[in-house]
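Asks: Sharing a structure, written as structure tokens. Questions coming.
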Amino acid sequence: MAISNIFSAGGVVMIPLLCFSVLALALIVERIKFWLKINNHQTDVVRDVLNLYRRNNVVGAIDKLRKNADLPIARMFIAALELEEPTPEEFRLALESEAQAEIPLLKRFQNIFDTIISLSPLLGLLGTVLGLIASFSSLNLGDVGGSQTANVTGGISEALVSTAAGLVVAISTLIFANTFRGMYQRQMALIQEYGGELELLYRRRYERGNKNYASTR
């Protein structure tokens with residue numbers, strides 16, 4: 001069966017299903033580019049920044065972060081490192097608040113994916129029901145076993161096309177949505193790990209500064 005025939009057999013619900021599939025594809029491509037950029041550069045950038053900070057090269061660390069400000073964790077580090085002489089508690093709060101601010105970007109489009117996953121099978125089922133209604137409405141009870149019965153059988157098989165289409169859209173979107181959800185969870189774990197390491201380095205730096213100040217008095 002040609003694609004045009006499949007589309008026409010599915011009925012009117014194929015229009016929103018087509019819109020859902022195009023929308024899901026566009027958002028999936030955007031999310032793939034987003035996560036590839038993070039996974040390809042984030043680890044190296046964070047390691048360089050932490051090494052610079054360990055060597056007390058704060059200016060170099062901030063400059064490295066600004067060059068990679070398109071990464072969520074880089075923006076989180078900048079928010080904390082650009083504070084003027086914060087206490088360890090203020091430093092931690094800056095990291096945590098910026099991490100919370102990055103969550104909507106990391107979970108972007110998740111609600112749209114969930115909507116497509118939920119509605120696509122329902123639209124497919126609706127198309128099947130409408131197709132069955134149209135098929136049986138054309139059946140003449142006095143012609144059972146005749147040519148009209150054959151037409152009804154063909155109409156039922158065509159009506160099931162919309163259900164199949166809805167399931168295909170939902171399942172395909174679900175696979176990618178779960179993949180992106182797993183990447184988000186992994187990213188949050190890395191944010192906590194790297195943020196905790198930077199916080200520990202700052203706390204040590206802060207305590208050394210206080211000890212040196214006390215020893216000069």
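Asks: How many residues does segment 51-68 contain that are assigned to a helix (DSSP H, G or I) and touching a helix residue (DSSP H, G or I) at 6+ places or on another chain (Cβ under 6 Å)?
Replies: 7
Asks: Note down all Cβ pairs under 6 Å where the first residue falls in segment 5-18 and is within 15 Å of L167 (Cα to Cα), the second is modelled with pLDDT under 75, and they're at least six residues apart or on different chains.
Replies: M14/F7
Asks: Still on this structure: Pick from segment 69-109 the residues that are more than 14 Å from G195 (Cα to Cα) and over 21 Å from the mean Cα position of the chain (by Cα): which of them is surrounded by the fewest Cβ atoms within 10 Å (Cβ to Cβ)?
Replies: This residue is E84.
Asks: Would you point out which residue out of R186, R205 is within 30 Å of E96 (Cα to Cα) and at pLDDT below 90?
Replies: Testing whether each residue is within 30 Å of E96 (Cα to Cα) and at pLDDT below 90 leaves just R205.
Asks: Can you find a residue in segment 92-109 that is under 23 Å from I171 (Cβ atoms), charged (D, E, K, R), in contact with a Leu (Cβ under 9 Å, 6 or more places away or on another chain) and not in a helix (DSSP H, G or I)?
Replies: Of all residues in segment 92-109, those under 23 Å from I171 (Cβ atoms) come to 107-109.
Subset that is charged (D, E, K, R): 107-108.
Then keep just the ones that are in contact with a Leu (Cβ under 9 Å, 6 or more places away or on another chain); that gives 108.
Now restrict to residues that are not in a helix (DSSP H, G or I): 108.
Checking segment 92-109: at least one residue is under 23 Å from I171 (Cβ atoms), charged (D, E, K, R), in contact with a Leu (Cβ under 9 Å, 6 or more places away or on another chain) and not in a helix (DSSP H, G or I).
Asks: Applying the selection to segment 76-104, what residues are touching a Phe, Trp or Tyr at 6+ places or on another chain (Cβ under 9 Å), in contact (Cβ under 8 Å) with a residue 40 or more places away in the chain and not aliphatic (A, V, I, L, M)?
Replies: Hits for segment 76-104 are F77, T87, P88, F91, R92.
Asks: Next up: How about segment 40-75: which of its residues are within 19 Å of I103 (Cα to Cα), of a type outside the set (A, V, I, L, M, F, W, C) and free of Cβ contacts under 8 Å to residues at least 12 places away in the same chain?
Replies: Matches in segment 40-75: T43 only.
Asks: Condition (residue is closer than 26 Å to M183 by Cβ and in contact with a His (Cβ under 8 Å, 6 or more places away or on another chain)) applied to segment 76-93: is it met by at least one residue?
Replies: No, that holds for no residue.
Asks: While we're looking at this one, here's another question. Would you check if there is a residue in segment 5-22 being more than 30 Å from L122 (Cβ to Cβ) and surrounded by 15 or more Cβ atoms within 10 Å (Cβ to Cβ)?
Replies: no
Asks: Something else: Collect the residues in segment 189-200 that are closer than 14 Å to A99 by Cα and not β-branched (V, I, T), keeping them in residue-number order.
Replies: A189, L190, Q192, E193, Y194, G195, G196, L198, E199
Asks: Moving on. Which condition from (1) at pLDDT below 95; (2) in a helix (DSSP H, G or I) is the one that G145 breaks?
Replies: Failed condition: (2).
Asks: Then there's this: Go through segment 34-57 and give me each residue that's surrounded by 15 or more Cβ atoms within 10 Å (Cβ to Cβ) and closer than 26 Å to E84 by Cα. Talk me through it step by step, then tell me what you get.
Replies: As a first pass, look at segment 34-57 and keep what is surrounded by 15 or more Cβ atoms within 10 Å (Cβ to Cβ): 34-35, 38, 42, 45-46, 48-50, 52-53.
Those that are surrounded by 15 or more Cβ atoms within 10 Å (Cβ to Cβ) and closer than 26 Å to E84 by Cα: Q42, V45, V46, D48, V49, L50, L52, Y53.
The values are calculated or read from the model by the stated rules, or taken from the named source; none is laboratory data. Everything quoted here is computed from the prediction, not taken from an experiment. Note: ideal-geometry Cβ built from the backbone for every residue, glycine included; neighbour counts use all protein chains shown.
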